Amino acid sequence: MLSALQSAAELALRPASLLSDAFGQRAALAETDHRPWPLPRSPWLMGQTWTDLLFAHWRVDLAAVVPRQLPLDTWEGGAWIGVTPFRVEGLRLRGTLPVPVLSSFPELNVRTYVTVDGKPGIYFLSLDAASRAAVHAARRGYRLPYCHAAMSIADGAPGITYSSTRLSGDGPPARFEAAYGPIGEQLPIDDSSLERWLTERYCLYTLNANRRVQRGDIHHPPWPLHEGWAEIETNTMTIPLGIELSGEPLLHFSPRQDVAIWPLRPV
């Protein structure tokens, strides 16, 4: 009985949470002083809110897995790869409100960093999501290597527990299981720091069918970052790329980020 009442209460509160996500995404557009270039003049397409996000980064050699059209961005001569599990909340198209259930799901990205025409951005090596609809839409609309996965994310003691097993038949097998969370207070913003270089990226890059570079602008406030901890039990996310990660990763945690995303445009 108690469980049923708790579930009913959560469903009753969910519309308010979705409305809050939409307001947060719009409010983020008013905070622009930190951006390395102005917001696009064209309308943004999609809003998302990302929660309980772990940035786990390793310094690796990526020359063989990034297209030559996308010059690698490096920090002190080294390239970095990131594995980032999180939860998508409040997914919506511009001018609409998030749809309950469909607008929230776990996602897990493997990413690195490139710079084209002086604009540093993200290049996604793989993306996994628990939503089939999101996978289909992102493959078609953004030409991103999304795969469907069986995923779970839960907030408890001592932190976030996360699990992902790839299901898509057209993607190589990959699994991730971990517990993670923040350490200490929110870090001050230091634009010269490695964590800001890794996270403050305001576009993504991909290639079209003709192997031409496409850019999708992204906007969000400065990342609210904490140092992070993680107990990674399984991580084969980079094995399909021919990369076996070793050593301790650089870990950061962010509780929430409100995001607006623009359509792809040719560079």
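At-a-glance table
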{"quantity": "Within the chain, percent of DSSP bridges classed antiparallel, to nearest 5", "calculated": "95"}
{"quantity": "For segment 47-54, 3J(HN,Hα) per residue [Karplus equation, 6.51 cos²θ - 1.76 cosθ + 1.60, θ = phi - 60°, Hz, x = Gly/Pro]", "calculated": "x, 9, 10, 9, 10, 6, 9, 9"}
{"quantity": "Rel. contact order, % - alpha carbon contacts under 8 angstrom, at least six apart, the chain", "calculated": "22"}
{"quantity": "Those GluC sites (Glu not before Pro) in segment 175-213 that DSSP places in a loop and that have at most 12 other beta carbons within 10 Å", "calculated": "Glu185"}
{"quantity": "Value of Rg to Rh for segment 137-176 (Rh from inverse mean 1/r over Cα pairs, i.e. Kirkwood)", "calculated": "1.11"}
{"quantity": "Segment 124-267: C-alpha gyration tensor shape, a/c 1.5 cut-off, then a/b vs b/c", "calculated": "oblate"}
{"quantity": "Efficiency of FRET from Cβ geometry, Ser152 and Asp117, R₀ 41 Å, rounded to 0.05", "calculated": "0.55"}
{"quantity": "Relative pair counts by distance (%), Cα atoms of the chain, 10 Å bins", "calculated": "6, 29, 40, 21, 4, 1"}
{"quantity": "Whole-Hz ³J(HN,Hα) from phi, Karplus 6.51 cos²θ - 1.76 cosθ + 1.60, for segment 88-93, glycine and proline x", "calculated": "7, 10, x, 5, 7, 8"}
{"quantity": "Residues with amide H under 5 Å from that of Trp80, placed H, sequence gap 5 or more", "calculated": "Val60, Tyr113"}
{"quantity": "18 Å cut-off, amide nitrogen to a point 7 angstrom out along Leu194 Cα→Cβ, residues in segment 40-65", "calculated": "54-62"}
{"quantity": "Cα gyration tensor of segment 53-136 - equivalent ellipsoid semi-axes, whole Å, descending", "calculated": "29, 14, 11"}
{"quantity": "Residue-averaged [θ]222 nm for the chain, counting only DSSP H segments that reach four residues, each worth -39500 (n - 2.57)", "calculated": "-5500 deg cm²/dmol"}
{"quantity": "Probe 1.4 Å, accessible area per residue of the chain, Å²", "calculated": "49"}
{"quantity": "Candidates per GluC sites (Glu not before Pro) in segment 220-267, loop by DSSP, up to 15 other Cβ within 10 Å", "calculated": "Glu244"}
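The values are calculated or read from the model by the stated rules, or taken from the named source; none is laboratory data. If you're wondering where the values come from, they're calculated on a predicted model, not measured in any experiment. All Cβ positions, even for glycine, are placed from backbone atoms using ideal geometry, and neighbour counts span all protein chains on display. Just so you know, the surface numbers come from the protein's heavy atoms only, side chains and all, with ligands and any DNA or RNA stripped out. Shrake-Rupley method; radii C 1.70, N 1.55, O 1.52, S 1.80 Å.
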